[in-house]
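The values are calculated or read from the model by the stated rules, or taken from the named source; none is laboratory data. Keep in mind the model is a prediction, meaning the values are calculated, not measured. Please note: Cβ atoms are built from the backbone with ideal geometry, for glycine as well, and neighbour counts cover all protein chains shown. When the accessible area is computed, the model is the full protein with side chains, heavy atoms only, and any ligands, DNA or RNA have been set aside. Shrake-Rupley method; radii C 1.70, N 1.55, O 1.52, S 1.80 Å.
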Amino acid sequence: MRSPLINHLHHAAVIGILGGVFLTTYDTATTVWHGDVRLFILGDLLRIFFLPLVVYCLISMLAMMTVGTVFFWLYRANRLPDTSNAHRGFQSGVFTFLASLYVLIDLLNARSDAKPMSAYWEILLLSLLVSVGAGTAVVIVVHFVRRSGIRLLIFCSPILLLVLLAAGDLIRAKQLPRAFFTLQHKPRVTTAKNSGAAAATANLPNILWIVLDTVRADHLSAYGYSRATTPNIDALAKQGTLYTNAMTVAPWTLPSHAAMLTGLFPSTNGADGAWPWLDDSFTTLPEVLKDRGYLTYGFSNNDNFGAMSNEQQGFGSFTLFTRSESLQGQLLLARTIRSFLFTVRAQGNAFGLVSLYRWLTDENPRKDYGASQTVAAAVKSIDTARSAGAPFFVFANFMEAHDPYGDSPDGGLYLKELRLPMGLTAARAKENIIGDDVHAYVAKKQALSDDDRQLINALYDGDLHYLDARIGEVVAALRDRNILENTMIIVTSDHGENLGDHGLIDHVYDIHRTITHVPLIVRYPATFAAGVTDSALVQTIDLFPTVLDVARVTDWPRKALQGFSLLGKESHPFAVSEAQYVNDTFTRTRYIMPLFRGVDERLFGGTWKVLQEDDYAYIETAQGRMLYNVKDDPAETRNLIDANPKKAADLRTKLLQWIRETPNHWNTFTHS
């Protein structure tokens, strides 16, 4: 028979383990619940659940055993009756108190966000479930129930309720794509859509496609910008063809990349706000090239482009280098440990604890958004392809110009030019305040001063200059390997950015020219003449058929594509860009609208389209219509919808006809 102390420690360990499971469930559920579930797959959740489970159970078990032992010896020292129930009841109470304290910390942390407290009713409910439900379940289990199956059922009931609440919320929000039910982020190797053609790869050109995420055309010095932000890209433009009137087909990352890789508009391939997932039925450019002997490599610095949206189709290797915090790093446990370590360490590595924390949470320190790692990996892939004697298709997304601005090593490059010069640390701090809530600018509840605009433009330009240097490294690597002349280089962007334009920052809920006008430079001496500036109206979906022409793919049905090759005779009569913000209903109703009572909800949702023909751009959104003469007013500051109703009506008629004639894959692109 076990001694009273051993028996007591056994029960204390059980209480600690049960409590650890509850805390893990709470921390994981609330982290995912208030994050963007589109970023996660089931495999992610299983992985992030495991580490906290071990840590929480260990900490909780040791705490309960320590508290219980002290309590046990106090009983003995005071010669009180040795009642196990009293010990277990005390431990259950201690656990309930600690769980409540833990949840309170989480609530205080949540309250520090720029969101209304009413948006956290779920956390309040979870607090009740964890602090009261956990303590009650522990007491019931250890006091009255002896059968393990019933114990498990009683203990799991609050967790099951929690899961049901979360599932109902997510289903209601329509934010759960099929990606969630997969276990691994791994490239698909598709053979079902193969044409059967295995073309000889001898002398086929290599292809390097660079996407400068969030880069607007008018901030490249190659496009006449006042600052010399992009000397390396300028050199590519002088050696190739620069398109001055290139339009993206979507104003945010996920649909824009899906469109570039399929040659189809977002409404046709279905990958956009209402369904952030590229269906397997669509064939991507890397799939076509892979079938014809190309080694295909994909690199992304943006979670919105990759496995979570199923846009990695056809890449033999796809790698995500992102600076965004991992899900494990967002857990309250991880944030608490991080705050402690980073506060007490002052200088140094706190005996390796900081490095250990970063390793456990995958929070690796990087000097940029992932550009350096992407360049190194891309060059390595190029060498691998050369060793294999095969042509390569490298598609790389770079995020340096994305907000927050000024986070690259060159972020402070232009701060000395400001009316009120400041250091980089102070500038970043002010930028964080300016960009704290982009929705406030959409709702017209916050405005930027001239100094604010100068600041964010300077930081943005510094980041762009840093990114340009990384692009220069890739080009230099091609030159050093004597393959530059046989490599088609494409430099473009998925969308632009508002830097105080139209009273906005970022690129959400807007479709003006600051967002849709993107750079496009193509260097390939065998086909594209050097030093040419082309003013033709082109779109990012035109790059798919253009690459097919350069790669000498002649058996692919061009009629299946909606873009036209830059090397062909066909062209667009007008350009269209479109977006839908249906998935943001979840965020809008819970987080945004409570902050902006009385603001038109249509500012944050609906279907957005712009049609540009010649010098005019017609914009139609859920809350209004706009007409601009982009030749005379490239900044689109004068709405001519009332001054020129005939032109507006003509362009609207063409837009509506385009909508009727364009396939709508999911039938979600509704239009008033």
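Annotations
- In loop segments of segment 599-644 as defined by DSSP, the trypsin sites (Lys or Arg not before Pro) with at most 15 further C-beta atoms inside 10 Å of their C-beta are 631, 638.
- Pairwise FRET efficiency - residue 419 versus residue 653, Cβ, R0 = 41 Å, nearest 0.05: 0.30
- Among the listed pairs 367/445; 609/654; 444/609; 290/367, those beyond 24 Å (Cα-Cα): 367/445; 290/367
- Trypsin sites (Lys or Arg not before Pro) restricted to DSSP loop in segment 399-435 with at most 15 other C-beta within 10 Å: 419
- Label-point separation, residue 238 to residue 597 (7 Å along Cα→Cβ), nm: 6.0
- The gain in end-to-end length when the residue 614 to residue 218 segment is fully stretched comes to 140.7 nm, 0.36 nm per residue minus the alpha carbon separation.
- Residue 10 sits with roughly 80 Å² accessible to a 1.4 Å probe, with DNA, RNA and ligands left out of the calculation.
- Across segment 465-610, the mean sequence separation of Cα contacts (distance under 8 Å, 6 or more residues apart), normalised by length, yields a relative contact order of 20 percent.
- All aspartates and glutamates inside 12 Å of residue 430 as judged from Cα atoms, apart from same-chain residues fewer than 8 positions distant: 451, 452
- Residue 535 versus residue 280: modelled label distance in nm, points set 7 Å from Cα along the beta carbon direction: 4.9
- Candidate aspartates and glutamates for bridging to residue 647, where Cα separation is under 18 Å - those fewer than 8 sequence places away on the same chain excluded: 613, 614, 615, 620, 632, 633, 636
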